[in-house]
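> Got a structure for you, questions after.
The values are calculated or read from the model by the stated rules, or taken from the named source; none is laboratory data. Remember, it's a predicted structure, so these values are computed and weren't measured experimentally. Neighbour counts are summed over all protein chains in view; Cβ atoms, including those assigned to glycine, are modelled from backbone coordinates with ideal geometry. Calculation scope for accessible area: heavy atoms of the full protein, side chains included, ligands and nucleic acids excluded. Shrake-Rupley method; radii C 1.70, N 1.55, O 1.52, S 1.80 Å.
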Amino acid sequence: MIPQSVKVYFYSQLQELFQNCDVVDAAMVSTLDGRLCAEKQRAECASERVSVMGSSLMALGDAIAKELAHGVCDIIISENADGLVLFNHINDDFVLICVSSSKNGLGSLLSWARSTAQKTAENMPKIPMT
Amino acid sequence: MASAKYRLGFVGLQEHETLIFSCLLSIHSNKWPKPWEASANGSPHAVLYDLSNPEGLREWQQAQSHAQPVPIAYTPDALPDVRWSLKKPSDTSALIDLLKELAASFEKKIDAAPIVVVDQPVPVQQVESPQPTTGNTDSDLWGRLAAVAERHQAADADAKEIKLILGGSIGAGKTTALRTISEIPPIHTEARASDIVRRMKSETTVAMDYGEFTLPNGKKLRLYGTPGQVRYEFMSDILCRGGLGLVLLINNAGDNPLHELTHYLRVYGDFIKKTGAVLGITHMDQKSAPSLHDYETYLARDKWTVPVFSVDVRQREQILAMLETLVAQLETRKA
């Protein structure tokens, strides 16, 4: 199980993301097997379901990257008619998912999502996964 | 090959009874030198007539004047003077015993030439010599599967590819089963388990597993394994679209396998009704209860026609036996 202190840490990273990036409507951190650890939303979002689906997508991304010998899959971008979703590996265990309804916000969202994921990974407390 | 089998026809039986009998024949096909199969198109060696159905009774009476195909009375009443009869409802062993006896009588006739014919000449294909084979070959199975798939694709606009779904509970062996029969290195989407699943295994499927097998007609059979965890049900919905049938695996060593079966019957219920399914119970060596009979009773209670197997998913022939039954089921449904 993920300790509460780690969830609080993730939440603090999401808060910082929201302060810096005004196009993000919802963001969440989930385990690679689809369990929601932390979330923050400006607009309502089915975060638990998106977390699970995001983990599937990320795993498919990893499988495709492996198939093509492209190394590790870092980011998956889902560009939709009415919005954007970014799926970002934080490390081998966690995924950052960012949702935006701004079609023109890809650059900003990508930039902040990537830096948030990197920073989250760098300062991550040691997690006893039991 | 189909010509190396005895064929059993059915007259007057309800559809689900015919389906169950067809599946039983398929399940037991590897146990005889010359197995029985349900007669879909070819002329049968014997016909089972349900005498509780007026049509079955009438045709059975007419069939009495012919030596071939052998008429078998399927009836709840005792018929002491009738040579070939099966008590209704039948259990598996009674049917199998009857067919073994019937096959033995055919073989005696071959040895004791000339064959005595009562009313009409016996067509050559009805008195074939026993074949020294041990049942069906792989290519026979894949050929039948290809034929079923072609019919399925013609009938279902969503069936753009030939795909079989492997679904079921966590740790039941879906990924292993797929690996056992795939001819390509399977694609896995596994993630480190972070929840209770870690008790059973370190990694769990989170999107799908994928494997392939080339059918005799050159088309690819695509094998999709679904994630076992409840929260990934959405993947099952996606993967089942246009699917040919389902191999459902339940881990008998799980906490409550019958409860899990209920869950998966809910998840895959519409798909099973539209196509077909076989149920494989794994890890029975670790935990013997519930028994196969418990599963059969449980399924019969809710009128599910899903043949049940105990299976070791590492054994290719055991997976093929399940697939053979699934194909028999699909052949019957589509016929």
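> May I ask for the net charge around residue A:98, where only other residues with Cβ less than 12 Å from the Cβ of residue A:98 are counted and Lys, Arg are +1 while Asp, Glu are -1? Mind showing how you got there, number by number?
Values: positive: A:40, A:42, A:114; negative: A:25, A:39.
Spelling it out: positives minus negatives among the neighbours equals +1.
> Take the solvent-accessible surface of the protein heavy atoms, probe 1.4 Å, and return the percent of it on the stretch B:136-334 that carbon and sulfur atoms account for.
On the way: 4110 of 8140 Å².
Carbon and sulfur together cover 51 percent of it.
> Around residue B:226, what is the net charge, scoring Lys/Arg as +1 and Asp/Glu as -1 over all other residues with Cβ under 11 Å from its Cβ? Each step should come with its number before you reach the end.
Numbers: positive: B:174; negative: B:209, B:233, B:237.
Combined, the nearby Lys, Arg, Asp and Glu give -2.
> Accessible area per residue for the stretch B:136-334 in Å², computed with a 1.4 Å probe and the full protein assembly in place, what is it? Provide the component values of the computation, followed by the final result.
Working: 8140 Å² over 199 residues.
About 41 Å² of surface per residue is accessible.
> If DNA, RNA and ligands are ignored and the probe is 1.4 Å, what is the ranking of A:126, B:88, B:273, B:163 by accessible area, most exposed first?
Details: A:126 190, B:88 45, B:273 140, B:163 20 Å².
Largest to smallest exposure gives the sequence A:126, B:273, B:88, B:163.
> Using just the Cα positions, wrap the protein assembly as shown in a convex hull and report its mean projected area in square nanometres, one decimal place. Before the final figure, lay out the partial values.
Details: hull surface 104.7 nm².
Over all viewing directions, the protein assembly as shown projects a mean Cα-hull area of 26.2 nm².
> Still on this structure, please answer the following. Starting from the 7 Å offset along Cα-to-Cβ, what nm value, one decimal, do you get for the label separation of residue A:91 and residue B:55?
6.8 nm
> Quick check: at a probe of 1.4 Å, how many percent of the accessible area of chain A sits on carbon and sulfur atoms? Let's see the in-between values first.
Working: 3290 of 6420 Å².
In chain A, the share of accessible area belonging to carbon and sulfur is 51 percent.
> A further question follows. Given all pairs of different Cα atoms, what value in angstroms does the Kirkwood hydrodynamic radius of the stretch B:136-334 take?
On the way: mean 1/r = 0.0595 Å⁻¹.
Hydrodynamic radius (Kirkwood, Cα pairs) of the stretch B:136-334 is 16.8 Å.
> Further question on the same structure: Looking at A:36, B:44, A:13, which one has the Cα that reaches farthest to the positive end of the dipole of the protein assembly as shown (charges on Cβ: Lys, Arg +1; Asp, Glu -1)?
Among A:36, B:44, A:13, the one farthest towards the positive end of the dipole of the protein assembly as shown is A:13.
> Could you give the size of the charge dipole of the protein assembly as shown about its Cα centre, using +1 on the Cβ of each K and R and -1 on the Cβ of each D and E, expressed in debye and rounded to the nearest 20?
On the way: 46 positive and 55 negative charges, 51 e Å.
Roughly 240 debye, rounded to the nearest 20.
> Helix-derived [θ] at 222 nm for chain A: sum -39500 (n - 2.57) over DSSP H runs of at least 4, divide by residue count, nearest 500? Walk me through the numbers on the way to the answer.
Numbers: 3 runs with 55 residues, N = 130.
Calculated at 222 nm, the ellipticity per residue is -14500 deg cm²/dmol.
> Can I ask one more? Total accessible area buried between chains B and A, 1.4 Å probe, in Å² to the nearest 100? Show your work: numbers first, answer last.
Numbers: alone 16000 and 7160 Å², together 21710 Å².
The summed interface area works out to 1500 Å².
> When Lys and Arg each count +1 and Asp and Glu each count -1, what net charge do the other residues less than 13 Å away from residue B:161, Cβ to Cβ, add up to?
On the way: positive: B:160, B:163, B:219, B:220, B:222, B:241; negative: B:150, B:156, B:158, B:212.
Overall, the nearby charge balance is +2.
> On to the next question. Can you list, bin by bin at 10 Å, the percent of alpha carbon pairs in the stretch A:23-122, starting at 0?
Spelled out per bin, shortest first, that is 17, 52, 29, 2.
> Once you average over the residues of B:184-194, how many Cβ atoms of partner chains fall within 10 Å of each Cβ?
Details: counts 0, 1, 0, 5, 4, 10, 5, 12, 6, 5, 14.
The mean count of partner-chain Cβ atoms within 10 Å per residue comes to 6.
> When only C-alpha pairs under 8 Å and at least 6 residues apart count, what is the relative contact order of chain A, in percent?
Details: 215 pairs, mean separation 36.2, N = 130.
Over chain A, the number comes to 28 percent.
> At a probe radius of 1.4 Å, what is the per-residue accessible area of residue B:179, in Å² to the nearest 10?
Here the residue's solvent-accessible area equals roughly 120 Å².
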